[in-house]
Amino acid sequence: MKKEELDLYIRVYDKVEENLKELREEIIHKKYMNHNFLYNREDIAIVYKLPRNSGKPFSDWTQGKDNITSEEVKIAFEKGEFDLNTYVATSYCFELSWLFFRLKDIFGEHGVVEAPYNDHEFFGNLSHTANNYINSTRSNSISYLEKLLLSVHEEAYSWMKEARNALPIDED
């Protein structure tokens, strides 16, 4: 990578980092209040509770199965044995959706989720972080909400740092 190109990427990551720091302050100052849209993109749905017909994730359904035919997949999907969506179910679905929309704005504005990762992987990691926090901690307090949002924010921040550190430097 040429120096000019590298400098451009570094400036983009600096701007994303600045935006993420501002977003952290928005979380702390509860700017997520009164958000009334649910996130449902990149095969990820943030919901209040799981839909009745949601099956296990496709990767879990295929575990231990060899040579699955497309017909078997079609039949299993129609029966609801697996789901192509990743769900994040929480009573704070609107607040968490706010964060996902804000992260989509920040990373999408600069095209950062395009390289080296894509939207699906990035938001998939964020949804897994949210689910891990939700499954490990049971509470309905405001401090729980803030910690949930901050854990997802921290994952996005770590992702940005990792992507920035992966930039190739050309010695020419």
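The values are calculated or read from the model by the stated rules, or taken from the named source; none is laboratory data. Please read these numbers as outputs of a predicted model, since none were measured by experiment. For neighbour counting, all protein chains shown are included, and Cβ atoms are generated from backbone atoms with ideal geometry for every residue, glycine included.
Can you tell me how many residues within segment 9-25 are among the hydrophobic types (A, V, I, L, M, F, W, C) and modelled with pLDDT of 95 or more?
Residues of segment 9-25 among the hydrophobic types (A, V, I, L, M, F, W, C): 10, 12, 16, 20, 23.
With the extra rule that they be modelled with pLDDT of 95 or more, the set shrinks to 20, 23.
So the count comes out to 2.
Can you name every residue in segment 137-162 that is part of a helix (DSSP H, G or I), more than 14 Å from the chain's Cα centre (by Cα) and either at pLDDT 90 or above or among the basic types (Lys, Arg) (or both)? So that I can check it myself, show each step before the final result.
Going residue by residue through segment 137-162, those that are part of a helix (DSSP H, G or I) are 142-162.
Next cut, more than 14 Å from the chain's Cα centre (by Cα) only: 142-147, 161-162.
Scanning segment 137-162 gives Tyr144, Leu145, Glu146, Lys147, Lys161.
Per-residue answers, yes or no, for (1) modelled with pLDDT of 90 or more; (2) farther than 17 Å from Ala130 by Cβ; (3) more than 19 Å from the chain's Cα centre (by Cα); (4) not in a helix (DSSP H, G or I):
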| position | (1), (2), (3), (4) |
| --- | --- |
| Ile27 | yes, no, no, no |
| Tyr32 | yes, no, no, yes |
| Phe37 | yes, no, no, yes |
| Ala45 | no, no, no, yes |
| Gly64 | no, yes, yes, yes |
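Applying the set (1) modelled with pLDDT of 85 or more; (2) farther than 21 Å from Asn36 by Cα to Glu81 leaves exactly one unmet item: (1). If you take the residues of segment 89-125 that are modelled with pLDDT of 90 or more and β-branched (Val, Ile, Thr), which of them is farthest from the chain's Cα centre (by Cα)? Among residues in segment 89-125 that are modelled with pLDDT of 90 or more and β-branched (Val, Ile, Thr), the one farthest from the chain's Cα centre (by Cα) is Thr90.
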